[in-house]
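*Asks:* My structure is below; once you've seen it, I'll send some questions.
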Amino acid sequence: MNKKIFSGVQPTGNLHLGNYLGAIKNFVELNKDENNNCVFCVVDLHAITVKQDPKELRDNIRETVATFVACGINPEKSIIFNQSAVPAHSEAAWILSCVARMGWLNRMTQFKEKAGKDKEKASIGLYSYPVLMAADILLYDATHVPVGEDQKQHLELCRDIAQKFNNDYSVEDFLKVPDPLIQKEFSRIMSLKDGTKKMSKSELSDLSRINLTDSEDLIVNKIKKAKTDPLPLPSDSKELETRPEAKNLLGIYSSLNNFTLDQTINEFSGKNFSEFKEKLSQVLVEKINPVANEIKKLNKENEYLDKILLDGQKKANEYASNKLKKIHEIVGFL
């Protein structure tokens, strides 16, 4: 059965190893499968839930496209576009926000985490963006959505909204209820400075992450300085439950090589971290350096990147506007 895959990536700029192993590497595999029709959206409307510098945002949208292509996503096989270029997303989000319920949104843990203690100062966009996310997915009749642990709740909301719309308007299966595609292993890559925190661009120290544009020397230096513990590498995965830094570094090595964690543990059991870090650096340089070079090259080719977005916009707009037209008819708009 053909799968219709939808996924969105925020144009935050300077994507890192966590973005690659947790999402983009999986996108590349999905893109290669002839049975998949993939839609990859640069979700710039989601990005402005927090204040953005306009010039930086434009640059980051292009850099996200450059990263997709540099990592191996084929723009001729998949649709790549930026969300704001397809007006149906915003309009469908409003219609679906009239179906969604306050109680559902109040349960969204990500809003509580991002808004912090002073929720009164958070934007309405930050509160309601899961409804926009639902619109993104439902406009394309997506059957499957790749999600990390932190987005599972949002996909559940999307499913609830689709089911309620279908029930309210007696249109069975009109809005397709999507299934999650959950990466079982290595979906969360942690900070190189603290194995209990997710790798993030927002962490102050650049040593906490491997950026996809890092040079060979930078990668080697960051792995050399990555936090470890004084014990030798374990012989059993159970030992890793109390050793977050070891678990993270072994997980990175495993994911880059398409190994299971157990295979990597067998390879390095009882060895010291210095030997392991040398091997990990080699693999990172081998996998990330070509991507970094390609991103830097593509970042100078704005016309090419804009053409990818324009081609993607035309395809996405045709599909999404047709779906929105049917939504209009169902709701009762003239």
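The values are calculated or read from the model by the stated rules, or taken from the named source; none is laboratory data. Keep in mind that what you see is a predicted model, and the values were worked out from it rather than measured. Cβ sites come from the backbone with ideal geometry, for glycine too, and all protein chains shown count toward neighbours.
*Asks:* Scanning the stretch 195-219 for residues that are free of Cβ contacts under 8 Å to residues at least 40 places away in the same chain and not hydrophobic (A, V, I, L, M, F, W, C), which turns out nearest to V147 (Cα to Cα)?
*Replies:* If we filter the stretch 195-219 for residues that are free of Cβ contacts under 8 Å to residues at least 40 places away in the same chain, which is where we start, we get 197, 202-208, 217-218.
When the remaining residues are screened for being not hydrophobic (A, V, I, L, M, F, W, C), the result is 197, 202-203, 205-206, 208, 217.
Values: K197: 19, S202: 21, E203: 22, S205: 27, D206: 26, S208: 23, D217: 32 Å.
By that ranking, first place goes to K197.
*Asks:* Name the residue, out of L96, L105, that is surrounded by 20 or more Cβ atoms within 10 Å (Cβ to Cβ) and part of a helix (DSSP H, G or I).
*Replies:* Values: L105 fails: surrounded by 20 or more Cβ atoms within 10 Å (Cβ to Cβ).
Of the residues listed, the single one that is surrounded by 20 or more Cβ atoms within 10 Å (Cβ to Cβ) and part of a helix (DSSP H, G or I) is L96.
*Asks:* Please specify each residue of the stretch 108-156 satisfying the condition of being touching a strand residue (DSSP E or B) at 6+ places or on another chain (Cβ under 7 Å), surrounded by 14 or more Cβ atoms within 10 Å (Cβ to Cβ) and at pLDDT below 90.
*Replies:* V147
*Asks:* Checking the conditions here, which among E318, E275, E239, E286 is surrounded by fewer than 16 Cβ atoms within 10 Å (Cβ to Cβ) and assigned by TED's automatic domain parsing to the domain that holds L17?
*Replies:* Numbers: E275 fails: assigned by TED's automatic domain parsing to the domain that holds L17; E239 fails: assigned by TED's automatic domain parsing to the domain that holds L17; E286 fails: assigned by TED's automatic domain parsing to the domain that holds L17.
On inspection, the qualifying residue turns out to be E318.
*Asks:* Just give me the residues in the stretch 247-275 being under 27 Å from the mean Cα position of the chain (by Cα) and more than 16 Å from M199 (Cβ to Cβ), in sequence order. Walk me through how you get there before you give the answer.
*Replies:* Step one: filter the stretch 247-275 for residues under 27 Å from the mean Cα position of the chain (by Cα), giving 247-264.
Once the filter is applied, which keeps residues that are under 27 Å from the mean Cα position of the chain (by Cα) and more than 16 Å from M199 (Cβ to Cβ), the stretch 247-275 yields N257, N258, F259, T260, L261, D262, Q263, T264.
*Asks:* Looking only at the stretch 157-175, which residues are among the acidic types (D, E) and buried (at least 16 other Cβ atoms within 10 Å of the Cβ)? Show your work before the answer.
*Replies:* Filtering the stretch 157-175 down to residues among the acidic types (D, E) leaves 160, 168, 172-173.
If the condition is that a residue be among the acidic types (D, E) and buried (at least 16 other Cβ atoms within 10 Å of the Cβ), then D160 is the only one that fits.
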